[in-house]
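To start, the structure itself, in structure tokens.
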Amino acid sequence: NHDCVLESCCYLSSARLGGFVHVGARSFLGISATVRDCVRIGPDCLVGAGALVLEDIPAQTFIKAQASPGRPLIREKAFQFGADQGGPDAEGNTP
């Protein structure tokens, strides 16, 4: 966005920055990471894919996205389409 500062050796992997963001040297922002305006990210930071950064981050910090809750795998549904196409059936057997 506008008026951002990226120090040397930063890597932004299609991250989104608000205005007036400052990213310290050697920091990495993962895919779809989003940084609110006026936030300072210290040097040597790692901001994971999909993370939302709303406040300043000190140097050498790792920020990750909040994981979605896991759901139980229903094997019958997971392999339903595979069985129709020659893949494994509900018991994991292949034809």
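A short reminder: the numbers here are calculations on the coordinates, not readings from a lab. All values reported here derive from a predicted model rather than from experimental measurement. Here the Cβ positions follow ideal geometry from the backbone for every residue, glycine too, while neighbour counts run over all protein chains shown.
List of remarks:
- Neighbours of H22, meaning other residues whose beta-carbon lies under 12 angstrom from its beta-carbon, give a summed charge of -3 when Lys and Arg score +1 and Asp and Glu score -1.
- Difference of contour (0.36 nm per residue) and Cα-Cα distance, S13 to A65: 17.2 nm
- If you take all other residues with their beta carbon under 11 Å from the beta carbon of L54, and give Lys and Arg +1 and Asp and Glu -1, the sum is -2.
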